[in-house]
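I have placed the structure first, in the form of structure tokens, so that the comments after it can refer back to it.
The values are calculated or read from the model by the stated rules, or taken from the named source; none is laboratory data. What you see is a predicted model; the values in this text were computed from it and never measured. FYI the Cβ positions are ideal-geometry reconstructions off the backbone, even for glycines, and counts take in every protein chain you see. Please note that ligands, DNA and RNA were not included when accessible areas were found on the heavy atoms of the full protein model with its side chains. Shrake-Rupley method; radii C 1.70, N 1.55, O 1.52, S 1.80 Å.
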Amino acid sequence: MTSLAPPIDLMLPPIDIVDHPCGNGANLVLSPLPTVPLLQAHLALEVPLRTAADTAVWDVLAATLPALPACTAFETVGGQVAVTRRQQWLMVSLTCAGSHTGPLTDALAGVLAFDATDDAIHQARTKAAQQAALVASVPAVDSTRRLWQNYYGHLPPYADPVADATHIRSVTAANVRRAHKDLRPQRAHLVVVGDLASPQLATRLEDVLACWPDPLSNTEEHRASAQAPTHDRGPHLQHRPGWAQTHLRLAAPCTTRGDLPRFAAAQVASLLLGGNFSSRINTDLRERHGLAYRTSATLTDHLDSDVIVIEADVAPPHAFTAWHRLQQILTTFAQDGPTDQELQTAVRHTVGKYTLGLGEQTTRAACLMSYLTSGLGPAGVTEVPQAIAALSRADVTDIARLWHPSRMHGLLCGDLSADPHAAALT
């Protein structure tokens, strides 16, 4: 097997990034994009997740933030507010015209001050409970929960895709206010991309963050680490009568974030397996054999660790056949790695996607925030594609070995009675 890197000209656009660390530990990153007459600000607030009840409180807080007076005032001038919780992060997104720097900074200050009435919190709780109940009824969420329950031996709060509606209904206004006070500037990132022509904007943004008090002074709370998976890899069977599809799920540790070349190799390996329409899993299960409705292979972060997740939603009568074909695909990929042509195509596709995306406001902002919250830092926007362009077959094969079926935790979740052979997997 050759280990030569694929030839590619790395043509990334020039990216202007200015990092402004604040005295209280908050991090401000500015990236001018003068071709876009808009401002897009992403604020990431790391939240402590200790119990399932914690996730409910944070989801109510996330639902409350858009209703704050400063956020509603921001929307009256045409601004857009979106708040979500992604695992251990509260993500606040604000978009407006470049001339509305005042309302933008006021909205950010309002989020950090959290001047919410009890009535606003109660309304947000009702909305969050309804949303949680709706999301929990989706089969994909059910199978995701079951995957992580089997992977860890229980369902950690950081791996739960949605808070329990019963817990949400028990959240009080006092719980939400107490949780907001637990937010710390040392665990916050603010990324602003777009029309940064106003010379006062950076100063105003720094002032907003600098005025955020740290309730815990200089004491550093221990940051949680992802738990180790169990030794029981399955495959586990979960019968769901009446489901129209059976969900095949596999997961394995892929702790590569601290090693940039390996992180880059994992990005390309996941793309080759199930990251696009021409990936190996999709080509085999869906196109060649007509067994799957949807396939994917993605890297997901659980606190300080990365996990590869492979998914295939298949016709219930053919779950056993699809499972074995999926095992064969993974075995071959783990043993042989990609072909030269596959690697060259994947690298060119990925670097080209970076090149186009970094010239667009929303993608650049999201990319910067992704690397900040994952610990890679803002330099990742150029360092990651450079590392991808330098990959060899040996690099990708080394990662692929970690994803051999013998190393992966497996789950089949669906109407298993439709396939008489499924029980043979236990």
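Structure notes:
- Test result for A322, in contact with a strand residue (DSSP E or B) (Cβ under 8 Å, 6 or more places away or on another chain), among the small types (G, A, S), surrounded by 20 or more Cβ atoms within 10 Å (Cβ to Cβ) and under 20 Å from F277 (Cβ atoms): yes
Results for (1) open to solvent by less than 10 Å² (accessible area, probe 1.4 Å); (2) among the basic types (K, R); (3) in contact with a Gly (Cβ under 8 Å, 6 or more places away or on another chain); (4) at pLDDT 95 or above, shown as yes or no for each residue.
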| position | (1), (2), (3), (4) |
| --- | --- |
| G258 | no, no, yes, no |
| A264 | yes, no, no, no |
| G274 | yes, no, no, no |
| S279 | yes, no, no, no |
| T283 | no, no, no, no |
| R286 | no, yes, no, no |
| Y293 | no, no, no, no |
| L299 | no, no, no, no |
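Results for (1) of a type in the set (D, E, K, R); (2) at pLDDT below 90; (3) under 27 Å from D195 (Cβ atoms); (4) part of a strand (DSSP E or B), shown as yes or no for each residue.
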| site | (1), (2), (3), (4) |
| --- | --- |
| P7 | no, yes, no, no |
| M11 | no, yes, yes, no |
| I15 | no, yes, yes, no |
| D19 | yes, yes, yes, yes |
| T35 | no, yes, yes, no |
| Q40 | no, no, yes, yes |
| L45 | no, no, yes, yes |
| D59 | yes, no, no, no |
| T64 | no, no, no, no |
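- Checked against (1) in contact (Cβ under 8 Å) with a residue 40 or more places away in the chain; (2) outside any helix (DSSP H, G or I), L104 passes all but condition (2).
- Selected residue (criterion: nearest to D232 (Cα to Cα)) from residues of the stretch 390-426 that are hydroxyl-bearing (S, T, Y) and open to solvent by less than 70 Å² (accessible area, probe 1.4 Å): T397
- Residue in the stretch 56-79 that is within 16 Å of the chain's Cα centre (by Cα), open to solvent by 20 Å² or more (accessible area, probe 1.4 Å) and of a type in the set (S, T, Y) present: no
- Helices (runs of 4 or more DSSP H) enclosed by the stretch 339-392 - at least 3 residues per element that are in contact with a strand residue (DSSP E or B) (Cβ under 8 Å, 6 or more places away or on another chain): 361-373
For (1) in contact (Cβ under 8 Å) with a residue 60 or more places away in the chain; (2) charged (D, E, K, R); (3) on the phi > 0 side of the Ramachandran plot; (4) touching a strand residue (DSSP E or B) at 6+ places or on another chain (Cβ under 9 Å), each residue gets a yes or a no:
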residue	(1), (2), (3), (4)
S93	no, no, no, yes
D115	no, yes, no, no
I121	yes, no, no, no
A124	yes, no, no, no
K127	yes, yes, no, no
A133	no, no, no, no
A136	no, no, no, no
V141	no, no, no, no
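- Unique residue being in a helix (DSSP H, G or I) and either surrounded by 19 or more Cβ atoms within 10 Å (Cβ to Cβ) or under 26 Å from the mean Cα position of the chain (by Cα) (or both) when the list is A174, A140: A140
A quick yes/no check of all residues on (1) out of contact with any Phe, Trp or Tyr (no Cβ under 8 Å at 6 or more places or on another chain); (2) within 23 Å of Q149 (Cβ to Cβ); (3) outside any strand (DSSP E or B):
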position	(1), (2), (3)
H231	yes, yes, yes
L248	no, yes, no
A265	yes, no, yes
R294	yes, yes, no
H324	yes, no, yes
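- The residue of the stretch 207-226 that is modelled with the lowest pLDDT, among those that are within 15 Å of E46 (Cα to Cα), of a type outside the set (A, V, I, L, M) and open to solvent by 60 Å² or more (accessible area, probe 1.4 Å), is E220.
- Number of the condition not met by Q328 [criteria: (1) open to solvent by 50 Å² or more (accessible area, probe 1.4 Å); (2) free of Cβ contacts under 8 Å to residues at least 24 places away in the same chain; (3) farther than 22 Å from H409 by Cα; (4) not hydroxyl-bearing (S, T, Y)]: (3)
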